[in-house]
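What follows is a short report on a single structure.
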C-alpha cells in the first residue's frame, strides 16, 4: 500500500467512527462492510508490473554508423560481432538477402541496443529474405514498432535475446518483441520478452516452430501464435501478462493454423491490465487469461501449470467474436498508431479488428470455428475475483455467470462437424458455456463431459 492509499484508508475509518453516532447498529454494520470493501478495492496496490528505472539515453554510446556498416557489408557465412556496452540508434538495422549469418552480442544485458530515440524505420532490427540466420546474446529496447522483425526467412534462431520496452505498460509502446512472420523452421529459446503492447514473443503465418525455455512477462500477450502450423511451445514461464499464451487463426492471411502443442509451461498470474492500442485485435484480450484459443485448429494443451489466472482458459470461435463486435463502432486509429505509420510500419504490425472483420466472409477457405482442442493433465487454479472484474469484459462475463469460476470459458459456438474441444482433466472440471450467439441468454456452467477419445498426440518438428 502506498502512502496516499494508507492515509485515505485511515480517513475512511475515521469518518466511519463519526457516523457510528448517527446510525443504528444494522446501518453501522452495513457501513463497516461497505468501507472495508472500498478500502480493499481502492487502497491496496495490486500492480503486477515492476517499476524499472530507465537508463538516461545520453549514457548510451552512438556507434550507429559502425553498426549499420556491419549489417550492410556482411558476407554470407559471417558472424556479426556486437561489442559489450549500451548503444543508441535513430533508425533500423537491416539485414536483407543474406545467408548463414549469426548476429552475436556479448550477452543478454551486456550488449544493449536502444531505439528510444528512433526517427526512421519500422523496427529495431529487420531480417528479410534469408536462410539460416541466428540472433543471440543481446538486449534490444524501445523500437517504435517491433523490436526484431524477420520475414521470409528459412531456418531462424533467436537465442538469449532480451526484448523490452523500458517505460511502464501503455498503448504508446511498440507492438511485438520478437516478430517472425512468413518464415519456417524457427527456434526461440532462452529469451525474455517484456512490455509488448501486442505480444512479447510472436510467430505468425509460419511453420515448424519451437518456442522453449523462455520468459514472457508484462506484455498484453506473453506468447502468441497466429495462423501457424507444426508448433511446439514448452518449458516457458508466462506471468503478469494480460494473457499468458494465445493461439489464434484469423481470415485473410497467407496460411491457417494446424498442429499446435502447448505443454509443460508455467502460466500464472496473468492479470496485467490491457494496454494494447484501442481497435487492435489484442485490445480484446480479457485481463486474467491464462490460455486463449481463438478459432484454433488441432491444439493439444497438456501438463501445464495454469495457476492463479481468473480465466484459466478461453475458447472462442471467430464466428462468436465477429457476432459480438458486428455492431461495434470501431475506434479510429489512435495518435500513437499514426506516429508508427509515419516511420513506415506496415498494417500487419498492429492488426486492426475492423480490417480483420472485413475479411470474414471473403476468405472462402477459412474455418471460423475451433476444432480439435484437447486438454489433459494440467494443474489448475483460479485467480482473485477482484482481478476477474477489473475490465469491462471480465465484469460482464462475471455478471452473466454470477461470479462463478470455471476452468474453461467457451463462447458456446460449436464446430458444426463436431470435435470442438475435449478435456481429460480432474473431477469437477468446469466449463462455462457463454451462449454468445444468443446474447448470453442461456449461460450455463457445468462439469465437462467431452472426454478425449484418444491421446490425440501431436508431433511437432523439433529443431535443435
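Key figures for this structure:
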item	result
Per-region count, region 416-449, residues in a loop (DSSP other than H, G, I, E, B) and either farther than 15 Å from residue 372 by Cβ or under 25 Å from the mean Cα position of the chain (by Cα) (or both)	15
Residue among 224, 274 that alone is closer than 19 Å to residue 169 by Cβ and assigned to a strand (DSSP E or B)	224
Single unsatisfied condition, residue 399 versus (1) surrounded by fewer than 17 Cβ atoms within 10 Å (Cβ to Cβ); (2) part of a helix (DSSP H, G or I); (3) touching a helix residue (DSSP H, G or I) at 6+ places or on another chain (Cβ under 8 Å)	(3)
Test for residue 316: is it at pLDDT 90 or above and within 24 Å of residue 297 (Cα to Cα)	yes
Residue check, residue 168 part of a strand (DSSP E or B), assigned by TED's automatic domain parsing to the domain that holds residue 235 and under 29 Å from residue 53 (Cβ atoms)	no
Restricting region 112-131 to residues that are more than 17 Å from residue 95 (Cα to Cα) and under 26 Å from the mean Cα position of the chain (by Cα), the residue that is surrounded by the fewest Cβ atoms within 10 Å (Cβ to Cβ)	117
Region 262-277 residues that are without any contact (Cβ under 8 Å) to a residue 60 or more places away in the chain and in the same structural domain as residue 307 (by TED's automatic domain parsing), paired with ones that are part of a loop (DSSP other than H, G, I, E, B) and surrounded by fewer than 24 Cβ atoms within 10 Å (Cβ to Cβ) (beta carbon under 8 Å, 6 or more apart)	263/303; 264/235; 264/303; 265/235; 268/308; 270/240
Single residue of region 120-164 satisfying the filter (touching a strand residue (DSSP E or B) at 6+ places or on another chain (Cβ under 7 Å) and not in a strand (DSSP E or B)) that is nearest to residue 197 (Cα to Cα)	145
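The values are calculated or read from the model by the stated rules, or taken from the named source; none is laboratory data. Quick caveat, the model's predicted, so the values are computed rather than measured. Counting neighbours? That spans all protein chains shown, and the Cβs are built from the backbone with ideal geometry, glycine included.
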